[in-house]
Amino acid sequence: MAKISTKKFPSKNKMRELGFFNGHGIAEMTSLKLWIGFRPQDLGRGGHGAAYRVHRNGFNTYPKAAWYDYGSKTFNVFMESKEKTLQLALDWADKKYGKREWVRDPFGNYQDVTAWEAVMTRMKERVRRTSL
């Protein structure tokens with residue numbers, strides 16, 4: 001069963017200083033480029049329900065997905081709570097990609113723990129470079 005780690009990403013402002021502006025950019029630091037994002041409900045004319053989506057930059061995580069899901073595996077928050085739906089998405093990503101530990105980024109997405117490690121490495125590099 002996949003779990004959410006207690007590790008913390010730096011603040012949004014610190015992430016922006018490091019060149020990260022959203023979950024997509026953070027995921028680019030990893031080999032799988034995998035992340036989970038939340039799509040809020042839209043009550044407009046072409047509206048849709050709230051959902052968690054498992055994204056993989058440059059790849060389809062679910063090729064059978066409807067065109068409006070852009071190839072991402074989607075878990076709709078309809079009859080279940082947000083927490084339960086998130087756990088379903090985490091477990092699916094664990095089963096398909098073997099990713100057990102996830103960290104919430106400051107932009108509200110969930111990143112594989114290797115993305116957190118890559119960001120922390122970049123941060124340490126930057127501190128080391130500026131202190132020389």
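Just so you know, all these numbers are worked out from the coordinates, no wet-lab data involved. These numbers were taken from a predicted model, which means no experiment stands behind them. When we count neighbours, we look across all protein chains shown, and the Cβ atoms used for this are built from the backbone with ideal geometry, even at glycine.
Of the residues N109, N13, N60, which exhibits the maximal mean-square fluctuation in a Gaussian network model of the chain defined by a 10 Å Cα contact cut-off?
N13
Using a Gaussian network model of the chain with C-alpha springs under 10 Å, which one of Y70, Y52, Y110 is most mobile by mean-square fluctuation?
Among Y70, Y52, Y110, the largest mean-square fluctuation in the Gaussian network model of the chain belongs to Y70.
Scan the chain and report its longest stretch carrying no GluC sites (Glu not before Pro) that are both in a DSSP loop and have at most 14 other Cβ atoms within 10 Å. Mind dumping the intermediate values first?
Details: sites that count: E28, E80.
With GluC sites (Glu not before Pro) excluded where exposed in loops, the chain gives 81-132 as its longest stretch.
Quick one: of K12/K95; K73/K124; K7/K73; K3/K64; K33/K82, which pairs are farther than 32 Å apart, Cα to Cα?
Numbers: K12/K95 30 Å; K73/K124 34 Å; K7/K73 25 Å; K3/K64 26 Å; K33/K82 24 Å.
Going by Cα-Cα distance, K73/K124 fall outside the 32 Å limit.
What are the ³J(HN,Hα) couplings of the range 45-51, residue after residue, when phi is run through the Karplus curve with 6.51, -1.76, 1.60 and θ = phi - 60°? Round to Hz, x for glycine and proline.
4, x, x, 8, x, 5, 7
Cut-off is 10 Å between beta-carbons; in what order do R129, R16, R39 appear when sorted fewest neighbours first? Don't skip to the end; give the middle numbers.
Working: R129 8, R16 12, R39 16.
Ranking R129, R16, R39 by Cβ neighbours within 10 Å, fewest first, gives R129, R16, R39.
Counting only helical runs of four or more DSSP H residues, what would the 222 nm mean residue ellipticity of the chain come to if each run contributes -39,500 (n - 2.57) and the total is spread over all its residues?
Numbers: 4 runs with 46 residues, N = 132.
So the calculated ellipticity at 222 nm is -10500 deg cm²/dmol.
What distance in nm separates the two pseudo spin-label positions at R126 and S81, each 7 Å out from Cα along the beta-carbon direction?
So the label points at R126 and S81 sit 3.6 nm apart.
Find the Rg to Rh ratio for the chain, where Rh is the Kirkwood radius over alpha-carbon pairs and Rg uses the same atoms.
Values: Rg = 15.7 Å, Rh = 15.6 Å.
We get a ratio of 1.01 for the chain.
Project the alpha carbons of the range 26-100 onto their principal axes and report the range along each, largest first, in whole Å.
That works out to 38, 24, 24 Å along the principal axes.
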